[in-house]
1. Of 14, 35, which residue is under 20 Å from residue 60 (Cα atoms) and over 12 Å from the mean Cα position of the chain (by Cα)?
2. Where in the stretch 1-71 are there helices (runs of 4 or more DSSP H), lying fully within it, with 1 or more residues that are surrounded by fewer than 15 Cβ atoms within 10 Å (Cβ to Cβ) and free of Cβ contacts under 8 Å to residues at least 12 places away in the same chain?
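The values are calculated or read from the model by the stated rules, or taken from the named source; none is laboratory data. Values in this document were obtained by computation on a predicted structure and should not be read as measured data. Cβ: placed from backbone, ideal geometry, glycine included. Neighbour counts: every protein chain shown.
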């Protein structure tokens with residue numbers, strides 16, 4: 001959800017196409033994020049747009065993604081063959 005909002009404010013109807021989640025699920029998750037103060041919603045004409053409150057939230061999510069990718073690589077059963085250049 002954070003990644004769907006990181007570039008620009010989004011209408012809830014656009015988020016399912018980005019996240020692959022059904023519209024009701026996206027709406028519920030946005031409500032949780034609004035209640036937590038992570039996301040805010042504002043009206044632009046007839047549209048309700050959601051945006052991330054603080055750009056540091058995106059930074060933290062990107063950093064966590066990096067940490068998880070590093071950990072997945074470290075735990076990979078193919079790590080030794082990839083690092084050592086051996087095929088098996």
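1. Values: 14 fails: under 20 Å from residue 60 (Cα atoms).
Just a single option satisfies the conditions, and that option is 35.
2. Values: elements: 2-5, 15-19, 23-35.
Per the criteria, 15-19, 23-35.
Conditions tested, residue by residue: (1) at pLDDT 85 or above; (2) out of contact with any helix residue (DSSP H, G or I) (no Cβ under 9 Å at 6 or more places or on another chain).
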| site | (1), (2) |
| --- | --- |
| 2 | yes, no |
| 20 | no, yes |
| 24 | yes, yes |
| 29 | yes, no |
| 41 | yes, no |
| 52 | yes, no |
| 68 | yes, yes |
| 81 | no, yes |
| 84 | no, yes |
